[in-house]
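Chemist: Please find one structure pasted underneath; my questions will follow.
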Amino acid sequence: MPIITNLDVMLAKRKMSSKELAERIGITMANLSILKSGKAKAVRFTTLEAICRELNCQPGDLFEFQDKTLP
C-alpha cells in the first residue's frame, strides 16, 4: 500500500508509549496497533484529530504517500 504511517516515529519523538496514547484518546491497543502497522482500511477524523492533539502534530506528520510506480 502506498500510504505509509509514521505513528511509531511520532510516538518516539514525543517519548510516549502506545499504551499511553491509546488511553488518552480512548481507543484499544488493538486498534492503535492496526493504525501503527498500516493495516487500517480507514481512519476516523475524530481519531485522527485526537492523535494529532495528543502528539501535537499535523496529519501529514503521521502519514506519507509513496508510490513505487512513479519515477
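Chemist: Select from segment 18-71 those trypsin sites (Lys or Arg not before Pro) which occupy a DSSP coil region and have at most 11 other Cβ atoms within 10 Å, ordered by residue number.
Modeler: Those that pass, being in a loop and sparsely packed, are Lys39, Lys41, Arg44, Lys68.
Chemist: For segment 9-50, what is the accessible area per residue in Å² when the probe is 1.4 Å? Kindly include the intermediate steps, with their values, before the conclusion.
Modeler: On the way: 3010 Å² over 42 residues.
On a per-residue basis, segment 9-50 sits at 72 Å².
Chemist: Tell me, what % of the accessible area of the chain is carbon and sulfur with a 1.4 angstrom probe?
Modeler: Heavy-atom surface of the chain belonging to carbon and sulfur, 1.4 Å probe: 55 percent.
Chemist: Separate question: What does the charge add up to near Leu21, with Lys and Arg as +1, Asp and Glu as -1, over the other residues with Cβ less than 13 Å from its Cβ?
Modeler: Net charge around Leu21: +3.
Chemist: Let's test the formula: R0 of 22 Å, r as the Cβ-Cβ distance of Lys15 and Thr46. What FRET efficiency results, to the nearest 0.05?
Modeler: Computed FRET efficiency for Lys15 and Thr46: 0.35.
Chemist: Taking a temperature of 10 °C and a viscosity of 1.306 mPa s, what whole-number D in µm²/s does Stokes-Einstein yield for segment 15-71 with Rh from Kirkwood over alpha carbon pairs? Working shown, then result.
Modeler: Numbers: Rh = 12.3 Å.
Roughly 129 µm²/s, to the nearest whole number.
Chemist: What does the charge count around Leu35 come to, taking other residues whose C-beta lies under 12 Å from its C-beta (Lys +1, Arg +1, Asp -1, Glu -1)? Working shown, then result.
Modeler: Details: positive: Lys36, Lys39, Lys41, Arg44; negative: Asp8.
Taking every Cβ under 12 Å from that of Leu35, the sum is +3.
Chemist: Determine which lysines satisfy two conditions relative to Lys15: a Cα distance under 24 Å, and not lying fewer than 8 residues away in the same chain.
Modeler: Lys15 reaches Lys36, Lys39.
The values are calculated or read from the model by the stated rules, or taken from the named source; none is laboratory data. What you see is a predicted model, and the numbers here were worked out from it, not measured in a lab. In this analysis, Cβ positions are derived from the backbone assuming ideal geometry, glycine residues included, and neighbour counts consider all displayed protein chains. Heads up: the accessible areas ignore ligands, DNA and RNA and are worked out on the full protein's heavy atoms, side chains in. Shrake-Rupley method; radii C 1.70, N 1.55, O 1.52, S 1.80 Å.
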